[in-house]
1. Please state the shape class of the range B:1-90: rounded when a/c is under 1.5, otherwise prolate if a/b exceeds b/c and oblate if not, all from the C-alpha gyration tensor.
2. May I ask for log10 I(q)/I(0) of the range B:96-206 at q = 0.20 Å⁻¹, from a Debye sum over the Cα atoms as equal point scatterers with solvent left out?
3. Which angle between 0 and 90 degrees, to the nearest 10, do you get for helix A:182-192 versus the longest principal axis of chain A when only C-alpha atoms count?
4. If all Cα-Cα distances of the protein assembly as shown are sorted into 10 Å bins from 0 onward, what percent lands in each bin, rounded to whole numbers?
5. In straight Cα distance, which aspartates and glutamates are under 19 Å from residue B:66, not counting same-chain residues fewer than 8 positions off?
6. What is the distance, in nm, between label points placed 7 Å from the Cα along the Cα-to-Cβ direction at residue A:551 and at residue A:88?
7. Once you have the Cα-Cα distance between residue B:312 and residue B:365, take 0.36 nm times their residue separation minus that, and quote the gain in nm to one decimal.
8. Roughly how many whole Å is it from the C-alpha centroid of the range A:26-59 to that of the range B:170-199?
Amino acid sequence: MAQEEFLLNKLWKIQLQEGYVSDKAIRQLSRQYGRSWVDLEGVISFYHFFSRKPTGRFIIHLNNSILSEFGGFPEVLAAFQESTGTRLNHTDPTGTFTLKAASCIGLSDVEPAALINWRPFINLNPEKVHHLIHQLRSGTDLDDLADRPLSDAYPNTDPDKQLMIKTYQPGTAIGKLPEMTPEEVIREIMEAGLTGLGGAFFPTHLKWQSCRNQPEATKFIVCNADEGEPGTFKDRFLLQKYPGLLLEGMITAAFAVGSREGIIYLRGEYQYLLGKLEKTIGQFREKGWLGRNLLGIPGFDFDIRIALGAGAYICGEETALLESLEGHRGEPRPRVYYPTEKGYLAKPTVVNNVETLCTAARILENGYEPYVNPAAPDSPGTKLMSIAGDCHFPGVYEITWGTTIGELLTRCGAVDPYAIQLSGPSGELLPASWVGRKLGLHDLRCGGSVMVFNRQRDLLQILQNYNRFFLQESCGVCTPCRAGNYMLSVQLRKMERGLASTEDLDKLEEWAKLMEYNSRCGLGQTAPKAIIQAAARFPEVMDQHTRTKNAPFDLDLATSAYDRIINELR
Amino acid sequence: MKTVTFYIDDLPCEAEEGKNFVDAAAANGVVIPSLCYYPHINPPLATCRVCTVAIGGQPRAACSLKVSEGLRVQVNTPELIENRKAILELIFAEGNHFCPACEKSGDCDLQHLAYESGITYSRFPHTFVERIVDFQPQRLVIDHNRCILCKRCIEEFVTDQGEKVFSSHRRGSRTEVNVDYDLEAEMSDQELTRAMHLCPVGAILLRGKSESRPFGDRKYDKLESKETIPLDQPIDTSALPLQKKVVATASLAGCFGCHMSMLDIDLGLLDLIELVSFDKSPLTDIKRFSRRVDIGLIEGGCCNSENIENLEYFRENCDILVSVGECAIWGGLPAMRNTISLEACLQEAYLHSPVTENAHQIIPNHEDIPKILDRVYPCHEVVKIDYHIPGCPPSAQHIWKVVQNILFGTKYDVIYPEFKYD
Ligand SMILES: Cc1cc2nc3c(=O)[nH]c(=O)nc-3n(C[C@H](O)[C@H](O)[C@H](O)COP(=O)(O)O)c2cc1C
Ligand code: SF4
Ligand code: SF4
Ligand code: FES
């Protein structure tokens, strides 16, 4: 297969070298890739991190997720504006700094955080920002200033169930492959009961088997390392701590399925991990663990490439991810084929989450027995949780499925918890008083993000932050999500201004359900979930923001623009 | 091909196995609204979501379904009908669809579906986002105000070398569909005409060949049709005693066209006078309400502070308030300014306009003249409105049928040709 460079990787090179994608660059790409101008412009404008206008020498992306907001986003932003001399979405007159906001960048335990030229800067406060910008102005190397965020890891409390967070001995997992048949590998995964840990919980062995069954010769293993759900950072942790384990997981999948090519789709926000990942791949090649006849298994050829995303949450959705890999806009495909039937380049493709693949490798290494969980038979094994927010010990936790909310809150040292957001804004908003509820397939599903909110936090502010996130991240392909998020924002703003009637609250809920019911993909279907759950589970808070009677028309607001113009003319 | 039996709302139907569900349903006499669906684009685009049906309660896009033996699909349950109507209203609210000023009016799929579903107004606030009309292509004009982002043009127009002629740009609510200027220049007139016809709305126009055809000749006019439009339940006031009722009317930010239309029932007016008397109205020149009024008919939206006061005054004095015509319902033509800032509007009108005399360049302001609002508001965003009569202007028949229903509980049907947005 011709190995044309991934279009996005190419665009990244241009963006990093020149600071933007110029008309000239587009013309050249148009020739190289045989694609029209309008098409390329469409791709570039889809991704948040590509710019069509020259940018400053330093591009600052300040995270605006809810945890950043609660951690001091407004003050940090003000400090950036003051010290750089520019505003949000602008470049300062000297062309040194460009200031932008970004959706969650996977550093929730150390917020507020920002990326400067895509290097991480964490635990920001106004003093740190002023100091940082001063250093940059005086020529200090960016790499010397950048932080090295490695989250605190909390292994499972039950020593028998420390399955992921423990020593990693490279080659142990794939060392088992030469003695196994692909069927045996798939059976092992099945016995362990591994289900997708990216949040959808689809049985992994079925996915692999279905791909294996396809008659085509070319098949792909794609690792979904797009981790974009606000509040999640467990995949980043794995990529930093166990990159080899991930590669072993992919090799295992390739062996099971019969694939010769693997691709890691790494979110652009994590490109500071690229070096280590590439180095590990290099080491694997040297050891004969990637390449031809690997592990000495005749005919088992497999290699791995990395494709870099560029700031689009939706590209975590597997079919959008495949579109992105093919160099298109990251729009989810209509549900006609499974990726295992027609995936990347219309070939059978397994898309698995980072944690799923790492766990698959661990299963091979440990055998399936430790994964069987009599207490919660439907949710075997363990799960990594990224916990952040109002708690003393944010970090990555390994837990056994079946752990209760109460136990989780105790472990992380939650402070006066009031509400919890499980699995990010698209997941579950629940009262912290639900201490007896259990994590697992049978009760509360969780993809790995836990955000704790204390009693001082304003629920409406949380909902508005989520709404802005989805408004920013919707791909725009289908009506209910593209327009629906906007309609919800109008109603939320009304509530914020104290102008919402009970009828408005009903509309908010009704429109939220409309989006949930009609949207084409998971993003639009789950974007309004927190609103629906807030109305059902926190009625007292929603009522606080609602007038009982129809609010009068706000004539002062509607005439304020006219008054201002007339005044300015005087 | 094998013929199979499937079920629409429990009614057995037959079609070839694997046939697209929208087509199969139509062949069995069940029309499912669809906008982005275009028979030979495969897999279907599935972008507009107006075709949502359900299988076992789970929503599915009908255009993405294929017929199989024993397939059971819910199509016309009251909830699904309402749901599809809401999506259509969402599309109207999202774009800037000024039907009375659109070349495609009468030939537009979106407008047609809205008629079929009896949409009188959108439950969603109109976004009035500023969108451009792109005159840069050599022969095409792309009006982004009207594009519903269905992606038909993107999928259909690909060069022999596989290059896309159209593509979406940006994302989310800022998405827009653009044409490649170089490739457009190379396309034949025939192809460009096809692009214009393929667009379900009036977003793609070919200069000099735009579709405006005389009223009556257009694709969806159906002048002779006796089909009726499914409106919300007519108000049942049949229990009320039959006595003379009081009507009031107002023209806010409108052109008096709706009032002209009210007078358009000709001799019917004489019958009407037997049944109702008029209070405050431009027709009577009564300035203040002299008594409680049964029904108020409002023409025009609210563009200044006086409109607001007047509308609130009507709401206080009328039992039932009706928005008559597009301007009252959502702003109409005056709302064309809503996508432009008030400052720019006032400057253009009073400071830069060639008709203002140099010496008199001033934006009118005085305590006695009303203040201009930041945008034109539909009446139902200001006060509660009980009923909406669409049209620009609505036909006289439509207006008086509704009024008679409200006042006397007279049963009525609005037939197809009387239900229009233009
Ligand atoms: C809007 C959206 C975003 C998603 N983002 C991610 C993501 O960042 N990482 C991920 O692994 N899966 C994500 N998914 C789930 C993927 O579509 C897919 O189910 C997953 O990659 C399958 O891997 P698994 O079976 O190993 O979990 C997302 C899904 C949706 C609908
Ligand atoms: S639901 Fe949202 S993200 Fe998904 S296809 Fe529709 S517009 Fe795109
Ligand atoms: S221009 Fe027309 S055909 Fe193209 S996406 Fe817009 S509405 Fe659809
Ligand atoms: S016609 Fe089915 S989604 Fe548009």
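The values are calculated or read from the model by the stated rules, or taken from the named source; none is laboratory data. Values in this document were obtained by computation on a predicted structure and should not be read as measured data. No Cβ is skipped: glycine too gets one built from the backbone with ideal geometry, and neighbour counts run over all protein chains shown. What goes into the accessible areas is simple: the full protein's heavy atoms, side chains included, and nothing from ligands, DNA or RNA. Shrake-Rupley method; radii C 1.70, N 1.55, O 1.52, S 1.80 Å.
1. Note, shape of the range B:1-90 comes out oblate.
2. -1.13
3. The two axes meet at around 50 degrees.
4. 2, 10, 18, 22, 21, 14, 8, 4, 1, 0, 0
5. Answer for residue B:66, where 19 Å is the Cα cut-off: A:341, B:9, B:10, B:14, B:16, B:17, B:23, listed by chain and number.
6. The two pseudo-label positions are separated by 2.1 nm.
7. That pair, residue B:312 and residue B:365, stretches by 16.8 nm at full extension.
8. 20 Å
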